[in-house]
Amino acid sequence: MLREPVACVVDPYAGGMSGYTGRYEKRLSDLNGLYENAQAHAALVTRLNDPVVYDVEDFRPGTDSGDLNYGVTRMSPGCVDREFFFTRGHIHEKADRPEIYYGQSGNGLMQMESPEGETRVVEIKPQTICYVPPFWIHRSINIGETELVMVFAYPSDSGQDYGIIEMSNGMRHRVVSGGDDRWELVENTSYKPRTGEQVAAFMKKYV
Ligand code: ZN
């Protein structure tokens, strides 16, 4: 049976879109354990009364590989100590599934990491489309002073695996304020590289 076409209207500044079928939000306390400065994180949660730091509204037509989930993410500006606000980050459960992000407003970065631990960073400004290829862990970061709003789309059977970041004590690099571009990468000193077997398990192809 044919699905009916759908149109959703995006608010490029406030985030969100009409016709969404799902919505979730993350508070600063949900990111416990992910920031370099745990003390500063705890203090900020208290001082700001545990604010919502990002929310997502999405449209999920189904769960087939040939279908497409899409939506809008909105991220608050801010820093924990020197580290910019970020999303938890994930690899797709079917890791060979790609994703695109399309900047609407604000200044962001997509931090990507291969299972072997290589880092790539793409700047996302309004009108920028970022292609996240298959097999890359990805995390969005707001490096601006305003909301960061992006549209995203990925195959409906992708799934999300957040454990890959926990298993290695975070991503290999942290994005902190400073440097010539206003942001720079520093090593995550707690990072534990994945073993050859762990890497191989993530590099599997799905049909
Ligand atoms: Zn994704």
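Collect the residues in segment 149-169 that are open to solvent by 10 Å² or more (accessible area, probe 1.4 Å) and over 24 Å from G15 (Cβ atoms), keeping them in residue-number order.
Passing the criteria: D157, D161, G163, E166, M167, N169.
Out of the residues in segment 38-65 meeting the condition of being over 18 Å from E83 (Cβ atoms) and open to solvent by 40 Å² or more (accessible area, probe 1.4 Å), tell me which one is nearest to the chain's Cα centre (by Cα).
Ranking the qualifying residues of segment 38-65, first place goes to R60.
Against the conditions (1) at pLDDT below 95; (2) at positive phi, where does L2 fall short? Just the number, please.
Condition not satisfied by L2: (2).
Of (1) outside any strand (DSSP E or B); (2) away from the ligand (no atom under 11 Å from the Cβ); (3) among the basic types (K, R), R97 satisfies all except one. Which?
The failed condition is (2).
Could we say that V52 is touching a helix residue (DSSP H, G or I) at 6+ places or on another chain (Cβ under 9 Å) and within 19 Å of P12 (Cα to Cα) here?
Yes.
Pick out the one residue from E118, E145, E99 that is among the charged types (D, E, K, R) and under 22 Å from G196 (Cα atoms).
E118
What's the total number of residues in segment 83-104 that are surrounded by 17 or more Cβ atoms within 10 Å (Cβ to Cβ) and touching a helix residue (DSSP H, G or I) at 6+ places or on another chain (Cβ under 9 Å)?
Residues flagged as surrounded by 17 or more Cβ atoms within 10 Å (Cβ to Cβ) and touching a helix residue (DSSP H, G or I) at 6+ places or on another chain (Cβ under 9 Å) within segment 83-104 amount to 8.
Considering every residue within segment 77-86, establish whether at least one is within 15 Å of the ligand (Cβ to nearest atom) and within 14 Å of the chain's Cα centre (by Cα).
yes
Taking into account only those residues within segment 110-131 that are open to solvent by less than 60 Å² (accessible area, probe 1.4 Å), outside any loop (DSSP other than H, G, I, E, B) and within 15 Å of the ligand (Cβ to nearest atom), which is nearest to Y191 (Cα to Cα)?
Going through the qualifying residues, I end up with E113.
I'd like to check something: does segment 129-139 contain any residue that is closer than 19 Å to E36 by Cβ and in contact with a strand residue (DSSP E or B) (Cβ under 9 Å, 6 or more places away or on another chain)?
yes
Tell me, which residue of segment 170-183 that is basic (K, R) and open to solvent by 50 Å² or more (accessible area, probe 1.4 Å) is farthest from the ligand (Cβ to nearest atom)?
For segment 170-183, the residue satisfying everything is R182.
Could you grab me the full set of residues in segment 184-200 that are more than 20 Å from A38 (Cα to Cα), surrounded by 13 or more Cβ atoms within 10 Å (Cβ to Cβ) and among the hydrophobic types (A, V, I, L, M, F, W, C)?
V199
In segment 132-164, how many are of a type in the set (A, V, I, L, M, F, W, C) and within 12 Å of the ligand (Cβ to nearest atom)?
8
Looking at P98, P77, which is the one that is touching a residue at least 40 places away in the same chain (Cβ under 8 Å) and farther than 16 Å from C130 by Cα?
P77
The values are calculated or read from the model by the stated rules, or taken from the named source; none is laboratory data. The shown structure was predicted, so the numbers you read here are calculated from the model rather than taken from an experiment. Reconstructed Cβ throughout: ideal geometry from the backbone, glycine too, with neighbour counts over all protein chains shown. Note: accessible area is taken over every heavy atom of the protein model, side chains too, but ligands, DNA and RNA are not part of it. Shrake-Rupley method; radii C 1.70, N 1.55, O 1.52, S 1.80 Å.
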